[in-house]
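Below you'll find the structure, written out as structure tokens, and then a few comments.
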Amino acid sequence: MKNQKSKFLVPQCLSALAPSKKSAFTLAEVLITLAIIGVVAAMTIPTLISNYKEKVTVTKVKNFYSRFSNAYQLAIAEHGPISTWGLTQMEYTEDENDEYEGNHYINTEGMASREKFISYVMPYIKTVKYEPLKTNSIIEDQGWFLPDGSVIRWLWLGMNSQSSGDLYLATDGKPLQYKKDDTYFFNENVFKFYFKDYKVYPAGYENEKFKEYCLTGVDPTYCTGWIIRFGNMEYKRCNDLDMVTKRKCD
């Protein structure tokens, strides 16, 4: 019985090894298919990459807003309201007797206040590297590098009329501004936040300021409020959006 079974296996195995007669694509058909795939890829891949980059940027902005708001609240819980921190407004000075000599340098009191704010808030934000100021006249030289590649830059305090200040987040890690035709423009991946009293706000969270600065391109850092509220960058595709009545481009 065992020999009888093996007798039928050999022909079956041999037939499996024999080449089968199947139809195949011609070279012309293959080339046409590849050409079609190439055209479709050329049309869709740039859009997919752009959409992916936007989602990454949105995620970084929203995550930072959450982290910085939490750090600010923890600092208040430990040290009291910002109005009690004894901070002085940062100003530019031309006083040659100031510790930092030269035109348009930041005043000594303002720099000291800035360092105090940093010592209160920044310990609650996880960073991978810190670059201190190289010069007190260009405060974007300094930066706190975050794990996701973003950089906190340009921390400024304005304490005279109200307890407040602001900072900028460069999600691509690049400088805040670039120069073109002797004019400075904000990098499109820079987003502004400001803090006042007990809360952190994204710049442009108010509808009117969003339309006045973000949509007109006067100051794209005021697009931050839109990202925090709606989680997208739809404002890049049209300039007639409204936070109340129109939240999508046509």
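Each value in this text was obtained by applying a stated rule to the coordinates, not by laboratory testing. Everything quoted here is computed from the prediction, not taken from an experiment. Here Cβ is always computed from backbone atoms with ideal geometry, including for glycine, and neighbour counts include all displayed protein chains.
When peptides 44-51, 84-91, 216-223, 166-173 are sorted by average Cβ neighbour count within 10 Å, with the highest value leading, the order is 166-173, 216-223, 84-91, 44-51. Between Asp242 and Thr47, full extension at 0.36 nm per residue minus the direct alpha carbon distance yields a gain of 67.7 nm. Restricting region 180-245 to trypsin sites (Lys or Arg not before Pro) that sit in a DSSP loop and have at most 14 other Cβ atoms within 10 Å of their own Cβ leaves Arg237.
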